[in-house]
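Here the structure is laid out as structure tokens; the discussion comes afterwards.
The values are calculated or read from the model by the stated rules, or taken from the named source; none is laboratory data. Bear in mind that the values here come from a model prediction, so they are computed numbers and not experimental data. Positions of Cβ are backbone-derived with ideal geometry, glycine not excepted, and every protein chain shown enters the neighbour counts.
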Amino acid sequence: MGRPRNFDESEVLRAARDQFWSTGYAAARVDDIAAATGLGKGSLYGAFGDKHQLFLRTYADHCAGLVEAVRRALDGPDTDAYERLRAHVMKVAEATASDVCLRGCLLAKGAAELSEQDRAVAATARRTFTAIEELITSCVAGAQRAGDIAPDADPARLAGLLLAVLRGIEALGKGGSSPDSLRAIAETALAVLPRPQSDQDRSARPQSG
């Protein structure tokens with residue numbers, strides 16, 4: 001019977017994730033990961049397997065947490081679906097704008113580095129993007145039912161557009177684009193969402209007086 005672990009697994013995985021996040025997968029040395037987690041290499045291997053297995057675990061956990069965070073941000077009643085959608089888009093822009101270390105998004109970073117040759121990473125990334133797009137689609141549909149987005153628009157296509165914009169904001173932020181530019185992109189993406197015809201008519205109608 002093996003000895004019980006005397007470390008907090010979630011803390012170790014968080015430290016390992018941050019090491020991968022900072023350096024990328026290829027540049028992350030096992031010695032540095034061990035130092036970051038406070039475990040010896042033997043304990044690290046015994047608990048989580050080799051470097052690749054450890055990365056897959058941290059990447060999958062991070063992606064699952066990301067999906068859950070988006071779910072919490074977007075789930076809710078139709079009446080304020082548009083406001084939740086707007087808040088989420090602007091929050092991503094603000095978070096990217098404040099990323100002074102330019103770490104970028106671990107989901108995108110891992111996919112860009114490894115998905116071409118690592119099927120497990122590619123599958124996790126694809127599953128995560130799909131789940132987020134579905135959550136955005138549901139929120140857009142809720143905003144349509146509430147009369148805040150034009151009902152004849154395809155919610156899945158609008159969700160795909162917003163997902164692409166959000167990923168683009170994160171990529172541009174990683175490249176050093178200014179915070180004002182990132183915020184402007186987010187505002188523009190929201191502004192092009194089709195509004196109900198009655199709202200457009202009101203805005204186009206000349207004001208009397």
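Summary of values
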{"read-out": "The stretch 111-137 - residue that is touching a residue at least 60 places away in the same chain (Cβ under 8 Å) and of a type in the set (A, V, I, L, M, F, W, C) and, of those, surrounded by the fewest Cβ atoms within 10 Å (Cβ to Cβ)", "value": "A120"}
{"read-out": "Out of V67, V121, V89, sole residue that is under 13 Å from L166 (Cβ atoms), outside any loop (DSSP other than H, G, I, E, B) and either aromatic (F, W, Y) or at pLDDT 95 or above (or both)", "value": "V89"}
{"read-out": "Failed criterion for H62 (all others in (1) surrounded by fewer than 12 Cβ atoms within 10 Å (Cβ to Cβ); (2) within 22 Å of the chain's Cα centre (by Cα) hold)", "value": "(1)"}
{"read-out": "Pairs with Cβ under 9 Å, 6+ apart, first in the stretch 85-101 and touching a residue at least 60 places away in the same chain (Cβ under 8 Å) and more than 9 Å from R183 (Cα to Cα), second part of a helix (DSSP H, G or I) and among the basic types (K, R)", "value": "T96/K174; D99/K174"}
{"read-out": "Boolean, L107 is out of contact with any Asp or Glu (no Cβ under 8 Å at 6 or more places or on another chain), touching a residue at least 12 places away in the same chain (Cβ under 8 Å), surrounded by 15 or more Cβ atoms within 10 Å (Cβ to Cβ) and more than 25 Å from L172 (Cα to Cα)", "value": "no"}
{"read-out": "Near pairs, Cβ below 6 angstrom, 6+ apart or cross-chain, from the stretch 10-21 (buried (at least 20 other Cβ atoms within 10 Å of the Cβ)) to any residue that is assigned to a helix (DSSP H, G or I) and of a type in the set (S, T, Y)", "value": "V12/T37; A16/T37; A16/T58; R17/T58"}
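So that you can scan it fast, the table gives a plain yes or no per residue for (1) within 23 Å of A28 (Cα to Cα); (2) under 18 Å from the mean Cα position of the chain (by Cα); (3) among the acidic types (D, E):
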{"position": "A108", "(1), (2), (3)": "yes, yes, no"}
{"position": "L135", "(1), (2), (3)": "no, yes, no"}
{"position": "R145", "(1), (2), (3)": "no, no, no"}
{"position": "P155", "(1), (2), (3)": "no, no, no"}
{"position": "G160", "(1), (2), (3)": "no, yes, no"}
{"position": "V165", "(1), (2), (3)": "no, yes, no"}
